[in-house]
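Undergrad: Before we start, here is the structure in question, set down as C-alpha cells.
The values are calculated or read from the model by the stated rules, or taken from the named source; none is laboratory data. Since this is a predicted model, take the numbers as computed values, not measurements. Every residue, glycine as well, gets a Cβ built from its backbone with ideal geometry; the counts of neighbours run over all protein chains shown. Remember, those area values only see protein heavy atoms, side chains included, never the ligands or the DNA or RNA. Shrake-Rupley method; radii C 1.70, N 1.55, O 1.52, S 1.80 Å.
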Amino acid sequence: MPDNPEGSNAVRWAGSIGGAHGTTAPVTGEDEARERARELYGLAPEGFIEGRDALARQLAEGGEPELAAAIKKLRKPTLVAWAVNVASRERPADVAALLRAGDDLRQAQAAAISGKGADDLRTATQSRRMKVAALAEVALEGIGARGGAHRDAIVLTLEAASVDPELGERLRDGTLEREATPGSGLGPAGGFQLLQGGEGADQDDASTEEDRKREAKEAERAAVAAEREAERAARRAEQLRAKARDVSASAEAAEAEARRLADEAKTLRRRAART
C-alpha cells in the first residue's frame, strides 16, 4: 500500500477521471483539473516539478485553493514509473488485458491453493507473463538506450499493478509515481512494496512496515504452496501420459503378436489338410 496516505489521495484524486474513485458527480472545473493533473504524469520526469507548480499556481490564482493544494502534493514519478505511464497511455487496450489477466491469475491461485486447477494456474501465469512482456517493451522504448537497465523494475511494476487494485487503477490512468518490487507472490497488495520515489516521499512507520512484512510472508507461503502444487500436478500428468503411451505401445504389440499367431495357425491348418 502507499507509504503516504495524504500524497496517495492526491494521486488517486488526480487519476480518477470521470469519478472512477467516487460517486459524486464531477464539477466542471475539478474535472478539468483532474485531466490536467493526469497530463502531468505524461511529462518527462525532469519537467514534472515545473509543470506541477505552474498548474498549482494557476489553480490558486483562479480561486481553486483546495485543488491547487492537491496538485502541489503530487510526486514526481521515477523514471520507471514514468515509462510505465507512457506505455499505459499508448496501449490502453493492453493495460485492460493485463488487468483481466491479473484477475484470472488471482482466481487460479486461489483454486490451486485449495488443491484444484493446477493447469489453470500455469495457463493464467503464462497469459499474464505475455501481457506484461508486451507492455514492458513499450515502456522500454520510452526510456530509450538506457531502458535495458530498468527492464526488471518495469516488469515487476506491471506484475504488481496486475494483482493490486489500487496500483491497477493508477496504471490504467497513467499516474504511477514510483515502481514496485515484490515481497512475494500474489493477492491484494500482492506482497508488493512501493519503492520510495519522487519528491516528498515519506517513510512508513514501524507498525505499517511490520504489517507489510507479515503480509508479504503470508503471501509468499501461499504462492510457494501453489507453485509446488502446480509442479506436482504437472509431474503427475506427465507420468500418466507416459503410462498411457506404454499401455498403448503394449496393446499394439499384443495385437501384432495375435495377428502373427493367427496367421501361423491358418498356415499350419492348411498344411495339415493337405497331408
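Undergrad: For Ala273 and Gln126 in one chain, what is 0.36 nm times their gap in residues minus the Cα-Cα distance, to one decimal in nm?
TA: Values: separation 147, 0.36 × 147 = 52.92 nm, distance 6.83 nm.
Separation in residues times 0.36 nm, less the Cα-Cα distance, equals 46.1 nm.
Undergrad: For the ranges 148-157, 43-52, 253-262, 167-176, what's the packing order if you count other beta-carbon atoms within 10 Å of each residue, average per peptide, and put the highest first?
TA: Highest mean packing first, the order is 167-176, 148-157, 43-52, 253-262.
Undergrad: How much accessible area per residue does region 42-134 have, in Å², with a 1.4 Å probe?
TA: 50 Å²
Undergrad: Follow-up question, since we're still on this one. How much length is gained if the chain between Arg100 and Arg236 is pulled fully straight, taking 0.36 nm per residue apart and subtracting their Cα-Cα distance, in nm to one decimal?
TA: Residue separation times 0.36 nm, minus the Cα-Cα distance, leaves 46.0 nm.
Undergrad: Which far-off residues, 5 or more places away or on another chain, put their amide H under 5 Å from the one on Ala180, with H placed in the peptide plane?
TA: Close amide H contacts, sequence-distant or interchain: Thr157, Leu195.
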